[in-house]
Amino acid sequence: MKSLLLSSQSLGDFADNYLAKLIKGIQFRKLTPGWKFGKFPILKERRLCSGLDVYSIKKTRKRRRCTIAALKGFDSVDSSLLSESYNSDMVDGKVSTQDVTGRVKSVPKVMIPSLPCETKGDSVAAVESCLWEWKPKLNVHYEKSGCQNVDSAPILFLPGFGVGSFHYEKQLKDLGRDYRIWALDFIGQGKSLPCEDPTSGSKRLDESEGDGNNVLWGFGDEAEPWAKELVYSVDLWRDQVYYFIEEVIKEPVYIVGNSLGGYVALYFAAYYPQLVKGVTLLNATPFWGFLPNPVRSPRLSRLFPWSGTFPLPTKVRKLTELVWQKISAPESIAEVLKQVYADHTTKVDKVFSSILEVTEHPAAAASLASIMFAPRGQLNFKEALTGCRMNNVPVCLIYGKEDPWVMPIWGLQVKRQFPEAPYYQISPAGHCPHDEVPEIVNFLLRGWIRNIESDSSVALPLLDSPESVEYDVVKDLEFVRQGMKKSVEVQFYGSMTSQWERLGKFLKSRFQYGVYSP
(Lines give C-alpha, C1' and ligand atoms only; values in the text may rest on other atoms or scores of the structure.)
Protein backbone atom coordinates (compact mmCIF):
# COMPACT_ATOMS: atom_id res chain seq x y z
CA MET A 1 0.00 0.00 0.00
CA LYS A 2 2.80 2.41 0.81
CA SER A 3 4.07 2.22 -2.76
CA LEU A 4 0.68 3.42 -3.95
CA LEU A 5 0.75 6.58 -1.89
CA LEU A 6 1.82 9.82 -3.52
CA SER A 7 3.50 12.66 -1.66
CA SER A 8 2.42 16.25 -2.37
CA GLN A 9 5.67 16.74 -4.30
CA SER A 10 4.98 13.66 -6.45
CA LEU A 11 1.43 14.82 -7.01
CA GLY A 12 2.71 18.21 -8.14
CA ASP A 13 5.20 16.59 -10.52
CA PHE A 14 2.41 14.39 -11.87
CA ALA A 15 0.27 17.49 -12.43
CA ASP A 16 3.09 19.23 -14.30
CA ASN A 17 3.78 16.20 -16.52
CA TYR A 18 0.09 15.61 -17.15
CA LEU A 19 -0.43 19.26 -18.06
CA ALA A 20 2.55 19.31 -20.41
CA LYS A 21 1.31 16.20 -22.23
CA LEU A 22 -2.24 17.51 -22.35
CA ILE A 23 -1.16 20.85 -23.81
CA LYS A 24 1.02 19.11 -26.36
CA GLY A 25 -1.89 16.91 -27.35
CA ILE A 26 -4.20 19.90 -27.69
CA GLN A 27 -1.78 21.98 -29.73
CA PHE A 28 -0.58 19.28 -32.11
CA ARG A 29 -3.68 17.15 -32.63
CA LYS A 30 -4.53 16.17 -36.18
CA LEU A 31 -6.82 18.21 -38.36
CA THR A 32 -10.49 17.55 -38.56
CA PRO A 33 -11.78 17.40 -42.16
CA GLY A 34 -12.59 20.74 -43.69
CA TRP A 35 -10.48 22.85 -41.32
CA LYS A 36 -9.03 25.68 -43.34
CA PHE A 37 -6.35 27.33 -41.22
CA GLY A 38 -3.66 24.65 -41.35
CA LYS A 39 -2.46 21.46 -39.73
CA PHE A 40 -2.26 22.75 -36.17
CA PRO A 41 -5.47 24.70 -35.49
CA ILE A 42 -5.05 25.28 -31.76
CA LEU A 43 -1.41 26.30 -32.08
CA LYS A 44 -2.26 28.67 -34.91
CA GLU A 45 -5.10 30.20 -32.95
CA ARG A 46 -2.96 30.68 -29.85
CA ARG A 47 -0.41 32.53 -31.92
CA LEU A 48 -3.21 34.65 -33.31
CA CYS A 49 -4.14 36.13 -29.95
CA SER A 50 -0.63 36.22 -28.49
CA GLY A 51 0.38 39.00 -30.83
CA LEU A 52 2.50 37.00 -33.27
CA ASP A 53 -0.07 37.61 -35.99
CA VAL A 54 -2.16 40.69 -36.55
CA TYR A 55 -5.84 40.14 -35.95
CA SER A 56 -8.95 42.27 -36.25
CA ILE A 57 -11.85 41.91 -33.85
CA LYS A 58 -15.54 42.62 -34.29
CA LYS A 59 -17.09 42.88 -30.85
CA THR A 60 -20.67 42.12 -29.93
CA ARG A 61 -22.36 41.84 -26.55
CA LYS A 62 -22.07 38.06 -26.58
CA ARG A 63 -18.92 37.11 -28.39
CA ARG A 64 -15.85 38.29 -30.26
CA ARG A 65 -15.02 37.48 -33.85
CA CYS A 66 -11.41 37.32 -35.04
CA THR A 67 -9.97 37.37 -38.52
CA ILE A 68 -6.32 36.85 -39.38
CA ALA A 69 -4.16 39.29 -41.32
CA ALA A 70 -0.48 38.86 -42.16
CA LEU A 71 1.91 40.84 -39.99
CA LYS A 72 3.76 43.44 -42.05
CA GLY A 73 5.39 45.53 -39.34
CA PHE A 74 5.26 46.62 -35.74
CA ASP A 75 3.30 49.78 -36.47
CA SER A 76 0.45 47.97 -38.21
CA VAL A 77 -1.18 46.77 -34.99
CA ASP A 78 -3.80 48.69 -33.05
CA SER A 79 -2.60 48.51 -29.44
CA SER A 80 -6.15 48.73 -28.18
CA LEU A 81 -6.83 45.33 -29.73
CA LEU A 82 -3.83 43.77 -28.04
CA SER A 83 -4.79 45.12 -24.62
CA GLU A 84 -8.16 43.35 -24.48
CA SER A 85 -8.67 39.81 -23.24
CA TYR A 86 -12.47 39.69 -22.78
CA ASN A 87 -15.65 41.38 -23.82
CA SER A 88 -15.97 44.27 -21.38
CA ASP A 89 -18.13 47.14 -20.23
CA MET A 90 -17.29 49.93 -17.77
CA VAL A 91 -19.34 49.84 -14.56
CA ASP A 92 -18.63 52.30 -11.71
CA GLY A 93 -14.93 52.58 -12.43
CA LYS A 94 -14.50 48.81 -12.82
CA VAL A 95 -14.38 46.60 -15.87
CA SER A 96 -17.16 44.05 -16.15
CA THR A 97 -15.78 41.07 -18.07
CA GLN A 98 -17.15 37.82 -19.41
CA ASP A 99 -14.99 34.72 -19.21
CA VAL A 100 -15.44 31.64 -21.38
CA THR A 101 -18.04 30.16 -19.05
CA GLY A 102 -20.27 33.20 -19.47
CA ARG A 103 -19.89 34.30 -15.86
CA VAL A 104 -19.43 38.02 -15.31
CA LYS A 105 -16.57 39.16 -13.14
CA SER A 106 -15.45 42.63 -12.10
CA VAL A 107 -11.81 43.68 -12.52
CA PRO A 108 -10.77 46.79 -10.58
CA LYS A 109 -8.88 49.47 -12.49
CA VAL A 110 -5.76 51.02 -10.96
CA MET A 111 -4.05 54.11 -12.37
CA ILE A 112 -0.26 53.94 -12.13
CA PRO A 113 2.46 56.48 -13.01
CA SER A 114 3.63 56.81 -16.60
CA LEU A 115 7.27 56.81 -17.61
CA PRO A 116 8.96 60.21 -17.31
CA CYS A 117 9.16 62.01 -20.67
CA GLU A 118 12.23 64.15 -21.32
CA THR A 119 10.57 66.02 -24.20
CA LYS A 120 7.83 67.17 -21.82
CA GLY A 121 10.33 68.38 -19.24
CA ASP A 122 9.92 65.46 -16.85
CA SER A 123 12.85 64.69 -14.60
CA VAL A 124 14.72 61.54 -15.64
CA ALA A 125 17.80 59.95 -14.13
CA ALA A 126 21.04 60.60 -15.99
CA VAL A 127 22.54 57.41 -17.43
CA GLU A 128 26.31 56.95 -17.48
CA SER A 129 28.14 54.41 -19.66
CA CYS A 130 31.19 52.84 -17.99
CA LEU A 131 33.91 50.22 -18.46
CA TRP A 132 35.31 48.00 -15.71
CA GLU A 133 38.49 46.01 -16.35
CA TRP A 134 37.82 42.64 -14.81
CA LYS A 135 40.50 40.54 -16.49
CA PRO A 136 43.22 41.29 -19.05
CA LYS A 137 41.67 42.08 -22.44
CA LEU A 138 38.17 41.64 -20.95
CA ASN A 139 36.58 44.98 -20.21
CA VAL A 140 33.05 44.80 -18.85
CA HIS A 141 30.63 47.42 -20.09
CA TYR A 142 27.85 48.60 -17.79
CA GLU A 143 25.51 51.53 -17.36
CA LYS A 144 24.49 53.19 -14.12
CA SER A 145 22.12 55.84 -12.83
CA GLY A 146 20.90 57.27 -9.53
CA CYS A 147 24.35 57.59 -7.97
CA GLN A 148 23.12 60.59 -5.95
CA ASN A 149 20.58 58.41 -4.13
CA VAL A 150 23.16 57.43 -1.53
CA ASP A 151 20.77 55.91 1.01
CA SER A 152 18.56 54.08 -1.48
CA ALA A 153 18.49 50.38 -2.33
CA PRO A 154 20.97 49.21 -5.02
CA ILE A 155 19.56 47.27 -7.98
CA LEU A 156 21.54 45.28 -10.56
CA PHE A 157 19.89 44.38 -13.89
CA LEU A 158 21.11 41.37 -15.90
CA PRO A 159 20.20 41.12 -19.61
CA GLY A 160 18.87 38.30 -21.73
CA PHE A 161 20.74 36.41 -24.42
CA GLY A 162 21.85 38.54 -27.36
CA VAL A 163 21.21 41.92 -25.74
CA GLY A 164 22.91 44.10 -23.14
CA SER A 165 22.46 46.94 -20.69
CA PHE A 166 20.77 48.99 -23.42
CA HIS A 167 17.68 46.81 -22.94
CA TYR A 168 17.14 48.40 -19.51
CA GLU A 169 17.16 52.04 -20.58
CA LYS A 170 13.58 52.54 -19.35
CA GLN A 171 14.50 51.23 -15.91
CA LEU A 172 17.73 53.23 -15.70
CA LYS A 173 15.96 56.52 -16.48
CA ASP A 174 12.87 55.90 -14.35
CA LEU A 175 13.94 53.79 -11.36
CA GLY A 176 17.21 55.71 -11.23
CA ARG A 177 15.22 58.63 -9.81
CA ASP A 178 14.62 56.62 -6.61
CA TYR A 179 17.32 53.95 -6.46
CA ARG A 180 20.93 53.31 -7.43
CA ILE A 181 20.84 51.30 -10.65
CA TRP A 182 23.41 49.24 -12.53
CA ALA A 183 22.84 47.29 -15.76
CA LEU A 184 25.55 44.86 -16.82
CA ASP A 185 26.68 43.43 -20.16
CA PHE A 186 27.72 39.78 -19.82
CA ILE A 187 31.21 38.92 -21.03
CA GLY A 188 30.84 37.78 -24.65
CA GLN A 189 27.68 39.84 -25.23
CA GLY A 190 26.65 43.46 -25.71
CA LYS A 191 29.64 45.76 -25.39
CA SER A 192 31.57 43.35 -23.17
CA LEU A 193 33.23 41.60 -26.10
CA PRO A 194 37.04 41.26 -26.00
CA CYS A 195 39.09 44.20 -27.19
CA GLU A 196 41.56 41.92 -29.01
CA ASP A 197 41.43 38.74 -31.06
CA PRO A 198 41.50 35.73 -28.66
CA THR A 199 43.35 33.69 -31.30
CA SER A 200 46.27 34.29 -33.61
CA GLY A 201 45.90 34.22 -37.40
CA SER A 202 42.15 34.70 -37.65
CA LYS A 203 40.61 34.72 -41.11
CA ARG A 204 38.32 37.01 -43.04
CA LEU A 205 34.73 36.03 -43.69
CA ASP A 206 35.38 36.62 -47.38
CA GLU A 207 39.05 36.25 -48.35
CA SER A 208 38.45 38.20 -51.57
CA GLU A 209 37.82 41.39 -49.60
CA GLY A 210 40.74 43.07 -47.95
CA ASP A 211 39.29 46.16 -46.33
CA GLY A 212 39.64 44.72 -42.81
CA ASN A 213 35.99 45.23 -41.93
CA ASN A 214 35.00 41.57 -42.20
CA VAL A 215 37.62 39.87 -40.05
CA LEU A 216 36.24 37.22 -37.70
CA TRP A 217 38.11 37.08 -34.40
CA GLY A 218 38.48 33.72 -32.72
CA PHE A 219 38.87 31.80 -35.98
CA GLY A 220 42.66 31.45 -35.68
CA ASP A 221 44.62 28.26 -35.00
CA GLU A 222 46.01 29.05 -31.55
CA ALA A 223 44.58 30.79 -28.50
CA GLU A 224 46.35 33.82 -27.09
CA PRO A 225 47.74 33.30 -23.56
CA TRP A 226 45.01 35.42 -21.93
CA ALA A 227 42.26 33.42 -23.71
CA LYS A 228 43.44 29.84 -23.19
CA GLU A 229 40.84 29.12 -20.47
CA LEU A 230 38.19 31.50 -21.80
CA VAL A 231 34.71 30.06 -22.34
CA TYR A 232 31.49 32.07 -22.20
CA SER A 233 29.59 29.90 -19.74
CA VAL A 234 27.05 30.49 -16.97
CA ASP A 235 29.85 29.86 -14.46
CA LEU A 236 31.90 32.66 -16.01
CA TRP A 237 28.91 35.02 -15.76
CA ARG A 238 28.30 33.97 -12.15
CA ASP A 239 31.91 34.90 -11.33
CA GLN A 240 31.58 38.14 -13.30
CA VAL A 241 28.55 39.18 -11.24
CA TYR A 242 30.36 38.26 -8.02
CA TYR A 243 33.41 40.42 -8.70
CA PHE A 244 31.27 43.24 -10.09
CA ILE A 245 29.28 43.42 -6.85
CA GLU A 246 32.43 43.09 -4.74
CA GLU A 247 34.55 45.66 -6.62
CA VAL A 248 32.04 48.09 -8.15
CA ILE A 249 28.83 48.09 -6.11
CA LYS A 250 30.49 46.98 -2.84
CA GLU A 251 27.31 45.96 -1.00
CA PRO A 252 24.45 43.43 -1.29
CA VAL A 253 21.98 44.21 -4.08
CA TYR A 254 18.59 43.41 -5.51
CA ILE A 255 19.16 41.50 -8.77
CA VAL A 256 16.68 41.63 -11.64
CA GLY A 257 17.18 39.33 -14.63
CA ASN A 258 15.32 38.78 -17.88
CA SER A 259 15.47 35.44 -19.72
CA LEU A 260 19.14 34.29 -19.49
CA GLY A 261 19.73 37.10 -17.00
CA GLY A 262 17.06 35.59 -14.75
CA TYR A 263 18.80 32.23 -14.83
CA VAL A 264 22.16 33.83 -13.95
CA ALA A 265 20.55 35.91 -11.18
CA LEU A 266 19.06 32.80 -9.53
CA TYR A 267 22.25 30.80 -10.12
CA PHE A 268 24.37 33.52 -8.53
CA ALA A 269 22.03 33.98 -5.57
CA ALA A 270 22.20 30.25 -4.78
CA TYR A 271 25.99 30.49 -4.51
CA TYR A 272 26.29 33.88 -2.83
CA PRO A 273 23.09 34.57 -0.87
CA GLN A 274 24.96 36.97 1.42
CA LEU A 275 25.37 39.37 -1.52
CA VAL A 276 21.72 39.30 -2.60
CA LYS A 277 18.85 41.24 -1.01
CA GLY A 278 16.33 39.74 -3.42
CA VAL A 279 15.90 38.32 -6.93
CA THR A 280 13.28 39.30 -9.50
CA LEU A 281 12.79 36.97 -12.46
CA LEU A 282 11.43 38.47 -15.68
CA ASN A 283 10.43 35.50 -17.86
CA ALA A 284 13.57 33.67 -16.72
CA THR A 285 14.70 30.83 -18.95
CA PRO A 286 14.36 27.58 -16.94
CA PHE A 287 17.44 25.91 -18.46
CA TRP A 288 20.74 26.87 -20.04
CA GLY A 289 23.48 24.93 -21.80
CA PHE A 290 23.48 21.77 -23.89
CA LEU A 291 26.70 19.98 -22.94
CA PRO A 292 27.17 18.15 -19.62
CA ASN A 293 28.98 19.88 -16.77
CA PRO A 294 32.47 18.38 -16.21
CA VAL A 295 32.11 18.53 -12.40
CA ARG A 296 28.69 16.89 -12.23
CA SER A 297 29.17 14.45 -15.11
CA PRO A 298 32.93 13.96 -15.66
CA ARG A 299 32.61 10.74 -17.68
CA LEU A 300 29.85 12.04 -19.91
CA SER A 301 31.61 15.36 -20.50
CA ARG A 302 34.68 13.52 -21.83
CA LEU A 303 32.58 12.37 -24.79
CA PHE A 304 32.52 15.97 -26.02
CA PRO A 305 36.03 17.02 -27.07
CA TRP A 306 35.22 20.74 -27.34
CA SER A 307 33.41 22.80 -24.72
CA GLY A 308 33.47 26.38 -25.97
CA THR A 309 37.16 27.21 -25.48
CA PHE A 310 39.42 28.94 -27.99
CA PRO A 311 40.42 28.27 -30.72
CA LEU A 312 37.27 26.97 -32.41
CA PRO A 313 37.64 23.54 -34.08
CA THR A 314 37.66 23.60 -37.87
CA LYS A 315 34.21 22.04 -38.26
CA VAL A 316 32.73 24.42 -35.71
CA ARG A 317 34.21 27.40 -37.56
CA LYS A 318 32.49 26.38 -40.80
CA LEU A 319 29.17 25.80 -39.04
CA THR A 320 29.47 29.12 -37.18
CA GLU A 321 30.09 31.03 -40.43
CA LEU A 322 26.94 29.59 -42.00
CA VAL A 323 24.75 30.15 -38.95
CA TRP A 324 26.14 33.60 -38.23
CA GLN A 325 25.43 34.98 -41.69
CA LYS A 326 21.82 33.93 -41.26
CA ILE A 327 21.05 35.04 -37.70
CA SER A 328 22.99 38.32 -37.85
CA ALA A 329 21.03 39.54 -40.88
CA PRO A 330 18.80 42.56 -40.12
CA GLU A 331 15.67 40.74 -41.28
CA SER A 332 16.41 37.84 -38.90
CA ILE A 333 16.85 40.21 -35.95
CA ALA A 334 13.59 41.97 -36.83
CA GLU A 335 11.77 38.64 -37.00
CA VAL A 336 12.96 37.62 -33.53
CA LEU A 337 11.85 40.93 -32.07
CA LYS A 338 8.48 40.48 -33.74
CA GLN A 339 8.14 37.11 -32.00
CA VAL A 340 9.02 38.17 -28.47
CA TYR A 341 6.97 41.40 -28.27
CA ALA A 342 3.24 40.74 -27.93
CA ASP A 343 2.26 44.36 -28.64
CA HIS A 344 3.76 45.27 -32.01
CA THR A 345 3.16 48.96 -31.44
CA THR A 346 6.08 48.90 -29.00
CA LYS A 347 8.93 50.96 -30.43
CA VAL A 348 11.97 48.71 -30.81
CA ASP A 349 14.11 50.92 -33.06
CA LYS A 350 16.81 51.47 -30.42
CA VAL A 351 16.87 47.83 -29.39
CA PHE A 352 17.11 46.74 -33.03
CA SER A 353 19.98 49.12 -33.85
CA SER A 354 21.85 48.18 -30.65
CA ILE A 355 21.63 44.46 -31.42
CA LEU A 356 22.73 45.11 -35.00
CA GLU A 357 25.72 47.10 -33.75
CA VAL A 358 26.83 44.19 -31.55
CA THR A 359 26.67 41.74 -34.48
CA GLU A 360 29.16 43.91 -36.38
CA HIS A 361 31.86 43.37 -33.76
CA PRO A 362 34.58 40.99 -35.11
CA ALA A 363 34.42 38.82 -31.94
CA ALA A 364 30.64 38.35 -32.02
CA ALA A 365 30.45 35.19 -34.18
CA ALA A 366 33.06 33.20 -32.23
CA SER A 367 31.53 34.38 -28.96
CA LEU A 368 28.19 32.93 -30.05
CA ALA A 369 29.86 29.57 -30.80
CA SER A 370 31.53 29.55 -27.38
CA ILE A 371 28.23 30.34 -25.64
CA MET A 372 26.31 27.63 -27.49
CA PHE A 373 28.94 24.92 -26.79
CA ALA A 374 29.68 25.93 -23.19
CA PRO A 375 28.80 23.30 -20.57
CA ARG A 376 25.82 23.59 -18.26
CA GLY A 377 26.21 25.11 -14.82
CA GLN A 378 26.85 23.01 -11.74
CA LEU A 379 23.30 23.75 -10.55
CA ASN A 380 20.20 23.51 -12.68
CA PHE A 381 17.36 26.02 -12.40
CA LYS A 382 15.36 23.96 -9.91
CA GLU A 383 18.39 23.40 -7.68
CA ALA A 384 19.27 27.10 -7.77
CA LEU A 385 15.70 27.96 -6.77
CA THR A 386 15.90 25.48 -3.90
CA GLY A 387 19.18 27.07 -2.79
CA CYS A 388 17.58 30.50 -2.70
CA ARG A 389 14.66 29.24 -0.68
CA MET A 390 16.90 27.43 1.82
CA ASN A 391 18.91 30.63 2.31
CA ASN A 392 15.79 32.82 2.63
CA VAL A 393 16.56 34.88 -0.47
CA PRO A 394 13.36 36.76 -1.42
CA VAL A 395 12.20 35.97 -4.96
CA CYS A 396 9.63 37.84 -7.07
CA LEU A 397 8.22 36.53 -10.36
CA ILE A 398 7.06 38.92 -13.11
CA TYR A 399 6.12 37.14 -16.32
CA GLY A 400 4.63 38.25 -19.63
CA LYS A 401 1.73 35.92 -20.41
CA GLU A 402 2.09 35.95 -24.20
CA ASP A 403 5.75 34.87 -24.21
CA PRO A 404 6.15 32.34 -27.05
CA TRP A 405 9.36 30.94 -25.52
CA VAL A 406 9.00 30.93 -21.70
CA MET A 407 5.27 30.21 -21.52
CA PRO A 408 3.19 30.76 -18.34
CA ILE A 409 3.51 27.11 -17.32
CA TRP A 410 7.18 27.71 -16.48
CA GLY A 411 6.31 30.56 -14.14
CA LEU A 412 3.64 28.42 -12.49
CA GLN A 413 6.17 25.66 -11.90
CA VAL A 414 8.46 28.15 -10.14
CA LYS A 415 5.50 29.32 -8.07
CA ARG A 416 4.74 25.73 -7.03
CA GLN A 417 8.31 25.17 -5.88
CA PHE A 418 8.52 28.58 -4.20
CA PRO A 419 4.89 29.26 -3.09
CA GLU A 420 5.74 32.30 -0.95
CA ALA A 421 7.28 34.10 -3.95
CA PRO A 422 4.85 36.72 -5.33
CA TYR A 423 3.98 35.94 -8.94
CA TYR A 424 2.61 38.63 -11.27
CA GLN A 425 1.41 37.67 -14.74
CA ILE A 426 1.04 40.54 -17.23
CA SER A 427 -1.17 40.47 -20.32
CA PRO A 428 -0.60 41.46 -23.01
CA ALA A 429 3.16 41.14 -22.65
CA GLY A 430 5.75 38.87 -24.22
CA HIS A 431 9.26 37.71 -23.40
CA CYS A 432 10.62 41.16 -22.47
CA PRO A 433 7.99 42.80 -20.23
CA HIS A 434 10.49 45.32 -18.83
CA ASP A 435 10.79 46.89 -22.30
CA GLU A 436 7.27 46.23 -23.57
CA VAL A 437 5.35 47.38 -20.48
CA PRO A 438 8.02 49.16 -18.39
CA GLU A 439 5.34 51.15 -16.57
CA ILE A 440 3.97 47.92 -15.10
CA VAL A 441 7.33 46.32 -14.32
CA ASN A 442 8.72 49.48 -12.70
CA PHE A 443 5.57 49.87 -10.62
CA LEU A 444 5.77 46.26 -9.41
CA LEU A 445 9.49 46.48 -8.68
CA ARG A 446 9.07 49.63 -6.60
CA GLY A 447 6.28 48.03 -4.59
CA TRP A 448 8.09 44.73 -4.09
CA ILE A 449 11.26 46.45 -2.87
CA ARG A 450 9.21 48.57 -0.44
CA ASN A 451 7.65 45.36 0.85
CA ILE A 452 11.08 43.75 1.43
CA GLU A 453 12.64 46.87 2.93
CA SER A 454 9.71 47.20 5.38
CA ASP A 455 9.90 43.54 6.47
CA SER A 456 6.49 42.97 4.82
CA SER A 457 4.73 45.65 6.88
CA VAL A 458 3.93 47.36 3.55
CA ALA A 459 1.62 45.27 1.35
CA LEU A 460 2.83 43.89 -1.95
CA PRO A 461 1.75 45.71 -5.13
CA LEU A 462 -1.96 45.27 -5.99
CA LEU A 463 -2.77 43.85 -2.54
CA ASP A 464 -4.91 45.69 0.00
CA SER A 465 -3.03 44.32 3.02
CA PRO A 466 -0.07 42.06 3.81
CA GLU A 467 -2.52 39.30 4.78
CA SER A 468 -4.13 39.19 1.32
CA VAL A 469 -0.98 37.56 -0.09
CA GLU A 470 -2.76 34.19 0.15
CA TYR A 471 -5.38 34.95 -2.50
CA ASP A 472 -5.41 35.52 -6.24
CA VAL A 473 -6.01 39.10 -7.40
CA VAL A 474 -6.71 40.41 -10.92
CA LYS A 475 -6.55 44.12 -11.72
CA ASP A 476 -6.34 46.31 -14.80
CA LEU A 477 -3.43 48.74 -14.53
CA GLU A 478 -3.87 51.95 -16.52
CA PHE A 479 -1.20 54.43 -17.55
CA VAL A 480 -0.68 57.09 -20.19
CA ARG A 481 1.80 56.56 -23.01
CA GLN A 482 2.32 59.09 -25.80
CA GLY A 483 -0.83 60.93 -24.79
CA MET A 484 -3.03 57.81 -24.94
CA LYS A 485 -4.41 55.79 -22.06
CA LYS A 486 -3.41 52.12 -22.07
CA SER A 487 -4.75 49.29 -19.94
CA VAL A 488 -2.92 46.06 -19.08
CA GLU A 489 -4.24 43.17 -17.00
CA VAL A 490 -2.06 41.95 -14.13
CA GLN A 491 -2.88 38.80 -12.19
CA PHE A 492 -1.32 38.11 -8.80
CA TYR A 493 -1.20 34.44 -7.82
CA GLY A 494 -1.71 33.89 -4.09
CA SER A 495 0.04 31.27 -1.99
CA MET A 496 -3.20 29.39 -1.20
CA THR A 497 -4.26 28.64 -4.78
CA SER A 498 -3.72 24.95 -5.53
CA GLN A 499 -1.82 23.56 -8.51
CA TRP A 500 -4.98 21.93 -9.82
CA GLU A 501 -6.90 25.21 -9.70
CA ARG A 502 -4.16 26.86 -11.73
CA LEU A 503 -4.14 23.93 -14.12
CA GLY A 504 -7.85 24.44 -14.70
CA LYS A 505 -7.42 28.19 -15.24
CA PHE A 506 -4.55 27.60 -17.64
CA LEU A 507 -6.51 25.12 -19.73
CA LYS A 508 -9.53 27.42 -19.70
CA SER A 509 -7.40 30.27 -21.07
CA ARG A 510 -6.02 27.97 -23.79
CA PHE A 511 -9.52 27.05 -24.92
CA GLN A 512 -10.57 30.70 -24.69
CA TYR A 513 -7.92 31.60 -27.26
CA GLY A 514 -8.49 28.44 -29.28
CA VAL A 515 -12.16 28.80 -30.31
CA TYR A 516 -13.15 31.50 -32.79
CA SER A 517 -15.79 32.21 -35.40
CA PRO A 518 -14.37 32.69 -38.90
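The values are calculated or read from the model by the stated rules, or taken from the named source; none is laboratory data. Since this is a predicted model, take the numbers as computed values, not measurements. A quick note on method: Cβ atoms are made from the backbone with ideal geometry, for glycine too, and the neighbour counts reach across all protein chains shown. Only protein heavy atoms, including side chains, enter the accessible area calculation; ligands, DNA and RNA are left aside. Shrake-Rupley method; radii C 1.70, N 1.55, O 1.52, S 1.80 Å.
Under 9 Å by Cβ, and 6 or more places apart or on different chains, what pairs join a residue from the stretch 442-471 that is outside any loop (DSSP other than H, G, I, E, B) and at pLDDT below 95 with one that is open to solvent by 40 Å² or more (accessible area, probe 1.4 Å) and β-branched (Val, Ile, Thr)?
Sorted first by the residue in the stretch 442-471, then by its partner, the pairs are Pro466/Val458.
Consider Ala365 carefully, then state whether it is touching a residue at least 60 places away in the same chain (Cβ under 8 Å), open to solvent by less than 60 Å² (accessible area, probe 1.4 Å) and within 27 Å of Lys191 (Cβ to Cβ). Show your work before the answer.
Details: touching a residue at least 60 places away in the same chain (Cβ under 8 Å): yes; open to solvent by less than 60 Å² (accessible area, probe 1.4 Å): yes; within 27 Å of Lys191 (Cβ to Cβ): yes.
Yes: the conditions hold for Ala365.
Working only within the stretch 338-370, note down all residues that are more than 18 Å from the chain's Cα centre (by Cα) and β-branched (Val, Ile, Thr).
Within the stretch 338-370, Thr345, Val358, Thr359 qualify.
Within 23 Å of Gly278 (Cβ to Cβ), more than 23 Å from the chain's Cα centre (by Cα) and among the β-branched types (Val, Ile, Thr): which single residue out of Val163, Val124, Val150 fits that description?
Working: Val163 fails: more than 23 Å from the chain's Cα centre (by Cα); Val124 fails: within 23 Å of Gly278 (Cβ to Cβ).
It is Val150.
Hey, can you tell me all the residues within the stretch 264-300 that are closer than 20 Å to Asp435 by Cα and in contact with a helix residue (DSSP H, G or I) (Cβ under 6 Å, 6 or more places away or on another chain)? Even if it seems obvious, please write down each step before you answer.
Step one: filter the stretch 264-300 for residues closer than 20 Å to Asp435 by Cα, giving 264-265, 279-285.
Val264, Val279, Leu281, Leu282, Ala284, Thr285 - these are the residues of the stretch 264-300 that are closer than 20 Å to Asp435 by Cα and in contact with a helix residue (DSSP H, G or I) (Cβ under 6 Å, 6 or more places away or on another chain).
Being β-branched (Val, Ile, Thr) and either out of contact with any strand residue (DSSP E or B) (no Cβ under 6 Å at 6 or more places or on another chain) or in a helix (DSSP H, G or I) (or both) is the filter here; which residues of the stretch 243-275 pass it? Give the steps one after another, and end with the answer.
Our first condition is that a residue be β-branched (Val, Ile, Thr); within the stretch 243-275, this holds for 245, 248-249, 253, 255-256, 264.
Correct list: Ile245, Val248, Ile249, Val264.
Is it fair to say Gly387 is at pLDDT below 95, open to solvent by less than 20 Å² (accessible area, probe 1.4 Å) and more than 30 Å from Trp217 (Cα to Cα)? Give the derivation first.
Values: at pLDDT below 95: no; open to solvent by less than 20 Å² (accessible area, probe 1.4 Å): yes; more than 30 Å from Trp217 (Cα to Cα): yes.
When the stated conditions are applied, Gly387 does not pass them.
Select from the stretch 132-185 the residues that are hydroxyl-bearing (Ser, Thr, Tyr) and not in a strand (DSSP E or B) and write down the one among them that is surrounded by the fewest Cβ atoms within 10 Å (Cβ to Cβ). Show your work before the answer.
Keep residues of the stretch 132-185 that are hydroxyl-bearing (Ser, Thr, Tyr), which gives 142, 145, 152, 165, 168, 179.
Now restrict to residues that are not in a strand (DSSP E or B): 152, 165, 168, 179.
Numbers: Ser152: 17, Ser165: 27, Tyr168: 28, Tyr179: 20.
Restricting to residues being hydroxyl-bearing (Ser, Thr, Tyr) and not in a strand (DSSP E or B), the top hit is Ser152.
Within the group Lys277, Lys250, Lys315, which residue is at pLDDT 95 or above and more than 22 Å from the chain's Cα centre (by Cα)? Outline the logic, then answer.
Details: Lys277 fails: more than 22 Å from the chain's Cα centre (by Cα); Lys315 fails: at pLDDT 95 or above.
Every option except Lys250 fails the conditions.
Counting just the residues of the stretch 225-256 that are aromatic (Phe, Trp, Tyr) and closer than 14 Å to Ile181 by Cβ, which one comes out surrounded by the most Cβ atoms within 10 Å (Cβ to Cβ)?
Looking only at the stretch 225-256, we keep the residues that are aromatic (Phe, Trp, Tyr), and these are 226, 232, 237, 242-244, 254.
From what's left, closer than 14 Å to Ile181 by Cβ: 244, 254.
Values: Phe244: 18, Tyr254: 24.
Ranking the qualifying residues of the stretch 225-256, first place goes to Tyr254.
Gly387: under 11 Å from the mean Cα position of the chain (by Cα) and more than 15 Å from Phe492 (Cβ to Cβ), yes or no? It would help to see each step written out before you state the result.
Values: under 11 Å from the mean Cα position of the chain (by Cα): no; more than 15 Å from Phe492 (Cβ to Cβ): yes.
So Gly387 does not fit the description; no.
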